[in-house]
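The structure appears right after this line, and notes come after that.
The values are calculated or read from the model by the stated rules, or taken from the named source; none is laboratory data. Given the structure is predicted, the values throughout are model-derived calculations rather than measurements. A quick note on method: Cβ atoms are made from the backbone with ideal geometry, for glycine too, and the neighbour counts reach across all protein chains shown. With ligands, DNA and RNA removed, areas are computed over all heavy atoms of the protein, side chains included. Shrake-Rupley method; radii C 1.70, N 1.55, O 1.52, S 1.80 Å.
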Amino acid sequence: MTVRTRFAPSPTGQVHIGNIRAAIYNWLFARHAGGQFLLRIEDTDRERSTPAAVQAVLDAMAWLGLNYDEAPVYQSTQTAAHLAAAEQLLKTGHAYKEDKGGTGKGECVIFRMPGTDMSFRDEIKGDLVKKAADMKDFVIVRSDGTPVFHLANVVDDLHMNITHIIRGDDHVENTYRHVALFRALGATPPKYAHLPMIVNAQGKPYSKRDGAAYVGDFRAKGYLGEALFNYLALLGWSPGGDRELMSRDEMARLFTFDRVQSSAAQFDLVKLLWMNGEYMRALPREQREAACRAVLQERGLWNDALPAGYLGRVLDAMAERIKLFTDIADAGYFFTEDFAFDEKSVQKRLLKPGALELLAATRTVYAGMADFSAAATEAALRELATARGLGMGDLVHPVRVAISGTAVGPSLFHMLEVFGKDRVLRRMDKTLEKFGHR
RNA sequence: GACCCCAUCGUCUAGAGGCCUAGGACAUCAGGUUUUCAUCCUGAUAACACGGGUUCGAAUCCCGUUGGGGUCGCCA
């Protein structure tokens, strides 16, 4: 039998990292086994399941490269099948009708648990058992005639021929019910694999309050889908040995349940950021450029008048300093003449005694240069430093702050080259004027 | 509270009885390179929760304790 797994999110508008991690494991296992990975939208909550909410799921999956094999199944279209199953259970005596609790709401359909101890083998946690006394009958069709999660979930999995259910730890207790439902319906239950939770620094389930918790948050912050995928896959699973940076295909090839951790994992944003940097440096420059341009446009820093190839040159200068696409916005001075001056940088490098005088001297040297390449501006500054008996830092720092407003940034001489002589001189003049140098 | 699950450096993990003086990565700290930052290179700090067994031998197996977590809806 070929492996068939599914991701069955309830569309709420945003996709939590814990859920998408479950989707990743489903995808990984299906691809590993050469089987199929399916998508089922559990949209029975009509209030929250708006088209936009569904789209958020689709977007998140596409962004992470979680391609699925058949058209998505919308649970809301399967109600007839759910109700038919309930009828069948009623007929076979596995369910009964009752006004539960005598609430006056009317009769609902209740599933009768088998009354025996139950067990199932979890692919990750091993054999799990539950005593008959610890399990209660449960509602499968509400008194208003709508199917409850347990029924819908099981019937859909049955109809979709799902062979392996890979989901969060929080569903372990439900599994006894689901197994009983499958059997009562005359079917063999699928195999189950329950993933441990993703927790915060306090060991509690990772939530919005802990920072970025939704897939969309990471995308908006400028992360790469490939990096998030890699990081999340490794949060609870390891291929063994020292392997960390892997392609989706490599991970799929190596993925097995026996290498999935059974204890909760703490989400570490710092390590994700490092990993994103690793993916960023491996990214083809056109892609990096396109994404950074989008960020600049979004922040109103993009200017169509900028020369062709300008952004590419900026990115070359920024090099390893870009770990997230949004980092480009920190170098806004490349894109506008109206950049801000960082107070601390100004105090330390511009208002230091003699600094403005040295800046003026550098300006004079630069004004007389024809070749404004990085090599040329560097050589000229070295010459000036030697002539004055100064260190390079004495000259470099004031110039940097003068033309960018900040003391941190890429190699100065590459910056000068990217700006070009005219812009550099103009900025130096403006700065000299602003800080009162005669 | 009842039932269930879990437990290796700060974090993610390797480890399936001797290869462990417990390895890697991130983070941290210290040096080096450098015009700043980032990168890069070197090195360092840092863990088997505790107590009992089993065994010639235990991070690895068993039991207990402690600590964490999950579930107990006509939600999903």
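For the reader, a short list of remarks on this structure follows.
- Nearest-0.05 FRET efficiency for A:E244 and A:E70, computed from C-beta distance (R0 45 Å): 0.85
- Take the Cβ atoms of A:R299 and A:E278, set R0 to 22 Å, and the FRET efficiency comes out at 0.30.
- Once exposed loop GluC sites (Glu not before Pro) are cut out (DSSP; at most 16 other Cβ, 10 Å), longest piece of chain A: A:108-243
- Largest first, the residues A:W27, A:W302 sort by 1.4 Å accessible area into A:W302, A:W27.
- Helix A:225-234 vs. chain A, principal-axis angle (Cα, 0 to 90°, nearest 10): 60 degrees
- Amide H partners (placed H, <5 Å) of A:L195, local residues excluded: A:R167, A:G168, A:D169
- Nonpolar atom fraction for chain A, defined as the carbon and sulfur part of the 1.4 Å probe accessible area, stands at 49 percent.
- A cut-off under 15 angstrom between Cβ atoms defines the neighbours of A:D157, and their net charge, with Lys, Arg +1 and Asp, Glu -1, is +4.
- A straight chain from A:K105 to A:D268 at 0.36 nm per residue would run longer than the Cα-Cα distance by 53.9 nm.
- For the range A:74-195, the solvent-accessible area of protein heavy atoms averages 48 Å² per residue (probe radius 1.4 Å; ligands and nucleic acids excluded).
- For the residue pairs A:K125/A:K191; A:K344/A:K434; A:K130/A:K191; A:K91/A:K130, the C-alpha atoms sit more than 19 angstrom apart in A:K91/A:K130.
- Average accessible area per residue (Å²) across the range A:284-334 - probe 1.4 Å, nucleic acids and ligands excluded: 52 Å²
- Rounded to the nearest 10 degrees, the angle from helix A:374-388 to the longest Cα principal axis of chain A is 50 degrees.
- Degrees, to the nearest 10: A:17-32 long Cα axis against longest axis of chain A: 80 degrees
- Overall shape: rounded for the range A:284-334, with the ratio a/c of the largest to smallest alpha carbon gyration tensor axis below 1.5.
- Taking 13 Å as the straight-line reach from the Cα of A:K348, the aspartates and glutamates in range (excluding those fewer than 8 positions away in the same chain) are A:D394.
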